[in-house]
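Only the coordinates and a few stated rules stand behind these numbers; no lab work does. Worth saying up front: this structure is predicted, and the values here are computed from it rather than measured. Please note: Cβ atoms are built from the backbone with ideal geometry, for glycine as well, and neighbour counts cover all protein chains shown.
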Amino acid sequence: MDSSNQERILIKGAHVLTQDDRLGDFVGDVLVADGRIAAVGESVDADGAQVVDGTGHAVLPGFIDTHRHAWQGALRGLGPAWTYPEYREHVQIRLGPHLEPEDVRIGNTAADLMALDAGITTIRDESHIMNSPDHADAAVQAHWDSGIRCVFDHGWPSTEAESWQFGSGRLHPPDIRRVRESLLPDDSARVTLNAMLRGPELATMDVARQDIALARELGLRISMHVGLGEWGARQQAIRQLDEAGLLGPDMTFIHCCTSTDDELRRIAEHGASASVAAALEVFMPGLGQPATNRLLAAGVRPSLSVDVESAVAGDMFGVMRAALAYQQLVRAGAGGPLDRADAAITTFDARDLLAFATIEGARACGIDDRTGSLTPGKEADLIMIRLTDPNLLPATDIPAAIVTSGHAGNVSLVLVAGRTVKADGVLRGADTIAEQAARSRDRVHRAAMRSAVRPSVGRAGAGVGASS
Ligand SMILES: [Zn+2]
């Protein structure tokens, strides 16, 4: 298959799950032309288009991961049983200072390729590895090169990590202005810029106010980690923002695990959005529990996210399953302390989860005008899932089959903006990444180890924070 975005592809006879309420689901055809969804319907004809047999397949918009720290792509799977403090100690504090720009490029590439292979066509990269301008450049370059759609959220450094979080008095790194002006000025491009801010939970209210003003001056949407464990419960960042007149529809709140129900209603009232990292939150004690039920009860349809691959798998199938598994605990009366027995219990099913993982993700990123559903005119970010595979057949209820049993191996075709990145089940461009990732991992760990032993061998002037 040609990889240019000028190709015309006609998928025939598939189960089309459009994620557009007006178009619904049907058995039929999807035409891709000039990088866009040109037509969908029960029967579409197009002379000269390359025909793909969609029989026995589901076609849906690519998944949208609304929060991943992609730089940890080569640090994958290190600590599935970590607590939140252990994760911070191992990754942010011990390894983070030692990533060179090339390590960030490799980590992001590994994350993107993994994501594309599993049908994630958009990743919102929460990049808190902005150790230098070169790190920012390398991070962005990886997303251009991989072919994924990326909302790049410029964050803070992982050097002196402690000083940047939990009540920090440091202002957002000013390099975000250069990134905006010279690297990512175009909001219609495949890679666009957002601001990953700390808000009045990870930073002081004064810093939050100045950072938000900077992001809005630069015309950037904002993401914020809030409701993190007991600290988040005490800060009530969303309430603080609302009372300061700063809460707006340009904000996505990530986690919200210990945000109050009142705060979640304020998200709905202001048209802001939320990202639930369901798998990470159930695997990593210390953050609190997934807020899916409480968000829905408050009137917010959430998006879904992976968060860190150093602890959990990077595909959306697992995230959807984790969100549902935790919801079933809530329904059984076995949820966390905020999911009280007297709270409103919402229900959601596999169709809702697919919507959370697609169109709601696009809305949370402010890109639903160009992706998130198979609406004609949108850019062609779509995937095909082979329903005849042994783990999915006979796919009696297609969304339920995908949510309960789907995996990356079932994803046979992936297009981003009409460009083929995976075809016939084979991902393109992944030839050398395993070797690069292993080299990067070894280099980062060696550097961290050298730094850690330095004080104990008594070398003058080599403090804990010094890196080589
Ligand atoms: Zn995160």
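Remarks
- Note on the range 229-368: the alpha carbon radius of gyration divided by the globular reference 2.2 N^0.38 Å gives 0.97.
- Report note on the peptides 89-96, 141-148: ranked by the mean count of other C-beta atoms within 10 Å, highest first, their order is 141-148, 89-96.
- Applying 1/(1 + (r/R0)^6) with r as the Cβ-Cβ distance of residue 34 and residue 334 and R0 = 56 angstrom yields a FRET efficiency of 0.65.
- Ranked by the mean number of other Cβ atoms within 10 Å of their residues, highest first, the peptides 364-375, 250-261 fall in the order 250-261, 364-375.
- Separation between Cα centres of the range 208-225 and the range 277-311, rounded to whole Å: 23 Å
- With θ taken as phi - 60° and the Karplus curve 6.51 cos²θ - 1.76 cosθ + 1.60 applied, the whole-hertz 3J(HN,Hα) list for the range 152-162 is 8, 9, 5, x, 10, x, 9, 8, 6, 4, 4 Hz, x standing for glycine and proline.
- The chain: angle of helix 316-331 to the longest principal axis, Cα-based, in degrees nearest 10: 80 degrees
- Counting every C-alpha pair in the range 305-400, the share spaced more than 16 angstrom apart comes to 69%.
- Across the range 137-215, the relative contact order, built from alpha-carbon pairs under 8 Å that are at least six residues apart, equals 36 percent.
- For the pair the range 1-77 and the range 312-388, the centres of their Cα atoms are 19 angstrom apart.
- Net +/- balance of residues flanking residue 279 in space, Cβ distance below 13 Å, scoring K and R +1, D and E -1: -3
- Each residue, residue 446 and residue 182, gets one label point 7 Å from its Cα in the Cβ direction; the gap between the two is 3.2 nm.
- Cut-off 13 Å between beta-carbons: net charge of the residues surrounding residue 155, Lys and Arg +1, Asp and Glu -1: -1
- Panel order for 197, 392, 287, by other beta carbons found within 10 Å of each beta carbon, from fewest to most: 392, 287, 197.
- Shape analysis of the range 63-365 yields a ratio of the Cα radius of gyration to the Kirkwood radius, Rg/Rh, of 0.93.
- Protection proxy ranking, highest mean first, for peptides 63-70, 419-426: 63-70, 419-426, where packing is the per-residue count of other beta-carbon atoms within 10 Å, averaged.
- Size descriptor for the range 356-452, Kirkwood hydrodynamic radius: 16.4 Å (Cα pairs only, one decimal).
- Distance between the pseudo-spin-label points of residue 435 and residue 351 (7 Å out from Cα toward the beta carbon): 4.9 nm.
- The calculated 222 nm mean residue ellipticity attributable to helices in the chain amounts to -9500 deg cm²/dmol, summing -39500 (n - 2.57) over DSSP H runs of n ≥ 4 and dividing by all residues.
- As a length-normalised measure over Cα pairs under 8 Å and 6 or more apart, the relative contact order of the chain settles at 20 percent.
- Spacing of the modelled spin labels on residue 423 and residue 325, each 7 Å from Cα toward Cβ, amounts to 3.7 nm.
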